[in-house]
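Worksheet: the structure to be examined is printed underneath.
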Amino acid sequence: MSKTVEFGMDTFGDVTVGADGKLLPQAEVIRNVVDEAILADEIGIDFIGVGEHHRADFAVSAPEVVLAGIATRTKRIKLGSAVTVLSSDDPIRVFERFSTVNALSNGRAEVILGRGSFTESFPLFGYKLNDYETLFNEKLDLFAALLQNGPVNWQGKLRPPLENVTVYPQIETGRLGAWIGVGGSPESVVRSVQYRIPMTLAIIGGDPKRFLPFVDLYKRAQEQLGSGPMPLGVHSPGYVAETDEQAREELWPGYKAMHDRIGRERGWPATTKESFINEIERGSTYAGSPETVARKIASTVKALGTDRFDLKYSAGTTSHEKMMKSIELYGTKVIPMVRELLSEKQAA
């Protein structure tokens with residue numbers, strides 16, 4: 001493996017518990033996210049992504065505002081969304097906000113575009129869920145035109161056409177970094193290549209290798225559509241502690257609280273300890289000691305040929321203090337181990 005792999009981390013700004021076991025105010029959670037990003041920057045993690053949600057259990061509804069705050073407190077880490085729900089937003093406003101973060105951070109901003117796994121933003125902003133597919137397709141088409149960083153001529157069905165329109169602030173140098181978050185539909189994979197916007201796979205359950213057909217499709221589409229090589233990203237949940245036992249013990253309460261809460265909304269059964277351990281041992285939860293997590297990440301990177309691996313480090317109500325330790329271990333121990341493992345495999 002001759003390429004350099006980036007290692008990032010993602011958070012949804014999950015509302016966490018404090019020292020007294022009670023949920024923290026969302027405002028405090030947002031301040032804690034900034035502190036988590038500062039630590040990640042200091043220890044050499046390549047990227048932080050901040051998710052967009054509009055519900056009580058997640059504090060961040062405007063990720064680019066949080067990223068702007070992070071931009072002024074960090075020096076090198078890349079800053080992005082995870083994801084921006086483009087379907088219920090205005091592509092021009094999204095581009096303007098992220099180009100502003102790009103200016104504040106001296107070119108470190110990225111946007112990960114997606115539909116989102118929750119639907120609260122649609123009624124909140126006056127959109128119909130019946131238009132789910134149409135909204136995303138048309139808005140992505142416009143956003144792709146905006147990425148050219150020049151005058152835009154564009155026409156669609158949902159808004160008036162644009163004639164020779166320039167959006168400000170313009171990107172100072174190069175092009176705004178952008179990805180499309182893909183959950184596993186072939187159409188989404190091909191669409192990513194059609195728009196020349198790289199794909200990041202949200203692998204949140206099951207064996208990561210089950211996504212190999214989508215990786216193969218991604219490569220075939222690049223060949224057939226003549227896009228040239230495009231990077232591939234992967235996003236998966238995880239948690240790092242000193243030992244496997246400690247990681248499982250600390251992660252389980254927040255993991256169960258989050259999965260059961262979402263499960264009640266979607267009609268899923270309660271999460272069991274057995275399913276939790278199965279996801280750690282055979283699925284897509286990267287939890288354990290630095291050695292355990294490093295081996296599992298290296299295996300996924302090698303199997304899928306990824307260019308970036310992002311660990312979704314926030315874990316339901318798991319406390320800020322525990323997440324800070326997890327971030328520290330991820331940056332100072334896990335990532336160097338993964339790089340060493342990948343180097344050994346390349347030499348072999």
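The values are calculated or read from the model by the stated rules, or taken from the named source; none is laboratory data. Computed from a prediction, not measured in an experiment: that's the story for all the values here. Cβ placement follows ideal geometry from the backbone for every residue including glycine, while neighbour counts extend to all protein chains displayed. The protein model used for the area step is the full one, side chains on, heavy atoms only, and it has no ligands, DNA or RNA in it. Shrake-Rupley method; radii C 1.70, N 1.55, O 1.52, S 1.80 Å.
Observations on the model:
- Most fluctuating residue given options Lys302, Lys312, Lys273, as computed from a GNM of the chain linking Cα atoms under 10 Å: Lys273
- Other-chain or far-sequence residues with amide H under 5 Å of Met9's (modelled H): Phe47, Ile48, Gly49, Leu311
- Split the accessible area of the chain by element, probe 1.4 Å, and carbon with sulfur accounts for 52%.
- Over the range 108-177, the hull volume per residue, using the convex hull of the C-alpha atoms, is 111 Å³.
- Placing unit charges on each Cβ (+1 for Lys and Arg, -1 for Asp and Glu) gives the range 1-98 a dipole about its Cα centre, and among Leu67, Val85, Val29 the Cα reaching farthest toward its positive end belongs to Leu67.
- Residue by residue, the range 263-279 carries 3J(HN,Hα) couplings of x, 4, 6, 10, x, 8, x, 4, 6, 9, 4, 4, 5, 4, 5, 4, 5 Hz when phi is fed to the Karplus relation 6.51 cos²θ - 1.76 cosθ + 1.60 (θ = phi - 60°); x denotes Gly or Pro.
- Compactness index (Cα Rg / 2.2 N^0.38 Å), the range 1-145: 1.09
- R0 of 22 Å, Cβ-Cβ distance Gln224-Leu158: FRET efficiency to nearest 0.05: 0.15
- Of the residues Trp252, Leu304, Ile277, the one whose Cα sits farthest toward the positive end of the charge dipole of the range 236-324, with +1 on the Cβ of Lys and Arg and -1 on the Cβ of Asp and Glu, is Leu304.
- When the convex hull of its Cα atoms is projected in every direction, mean area for the chain (nm²): 17.4 nm²
- Amide hydrogen neighbours beyond the local backbone of Thr200, cut-off 5 Å, H modeled: Ile180, Gly181, Val182, Gly233
- Here the Gaussian network model covers the chain, with springs between Cα atoms less than 10 Å apart; of Thr84, Thr134, Thr306, Thr134 fluctuates the most.
- Debye-sum result for the range 97-221 in log10 I(q)/I(0), which assumes one identical scatterer on each alpha carbon, at q = 0.13, 0.20 Å⁻¹: -0.65, -1.29
- Lysine-lysine proximity count for the range 280-348, Cα under 15 Å, sequence distance 8 or more or distinct chains: 7
- Available extension along the chain between Glu340 and Arg31 is 107.8 nm, counting 0.36 nm per residue and deducting the alpha carbon span.
- Packing-based order for 102-109, 242-249, using average beta carbon neighbours within 10 Å, highest first: 102-109, 242-249
- Shown here is the pair-distance distribution of the range 203-261: with all Cα-Cα distances grouped in 5 Å bins from zero up to the longest one, the shares run 4, 14, 16, 16, 14, 10, 10, 8, 7, 2 percent.
- Placing unit charges on each Cβ (+1 for Lys and Arg, -1 for Asp and Glu) gives the chain a dipole about its Cα centre, and among Ser314, Ser121, Tyr218 the Cα reaching farthest toward its positive end belongs to Tyr218.
- Gaussian network model of the chain, Cα within-10 Å springs - most flexible of Trp268, Trp179, Trp252: Trp268
- One decimal place: the segment Ser299-Lys273 gains 6.9 nm when fully extended, by the rule 0.36 nm per residue minus the C-alpha distance.
- Full extension of the segment from Lys128 to Arg76, taken as 0.36 nm per residue of separation minus the current Cα-Cα distance, would add 14.7 nm.
- The value given for the range 225-348 is a Kirkwood hydrodynamic radius of 15.4 Å, derived from the mean inverse Cα-Cα separation.
- Ranked packing of 225-238, 60-73, 153-166, most packed first, by mean Cβ within 10 Å: 60-73, 225-238, 153-166
- A Cβ-based charge dipole, computed about the Cα centre of the chain with Lys and Arg at +1 and Asp and Glu at -1, lands at about 600 debye.
- Under 11 Å from a label point set 7 Å out along the Cα-to-Cβ vector of Arg266, the amide N atoms of the range 205-233 belong to 205.
- Note on surface exposure: Ile45, Ile92 rank Ile92, Ile45 by accessible area, highest first, 1.4 Å probe.
- Think of it as helices only: each DSSP H run of n ≥ 4 in the chain is worth -39500 (n - 2.57), and spread over all residues that comes to -14000 deg cm²/dmol at 222 nm.
- Residues whose amide H comes within less than 5 Å of that of Val167, counting only those at least five positions distant or on another chain, are absent (H built at 1.01 Å from N in the peptide plane).
- Computed from the C-beta positions of Asp207 and Asn137 and an R0 of 25 Å, the FRET efficiency is 0.25 to the nearest 0.05.
- Averaged over its residues, the chain has an accessible area of 44 Å² per residue, based on protein heavy atoms and a 1.4 Å probe.
- Sparsely packed loop sites in the range 87-150 (the GluC sites (Glu not before Pro) outside DSSP H, G, I, E and B with at most 16 other Cβ atoms within 10 Å) comprise Glu120.
- The GluC sites (Glu not before Pro) of the range 260-348 include none that meets both criteria, a DSSP state outside H, G, I, E and B (loop) and at most 13 other C-beta atoms within 10 angstrom of the site's C-beta.
- Bridge orientation summary for the chain: considering DSSP beta bridges with both residues in this region, about 10 percent are antiparallel.
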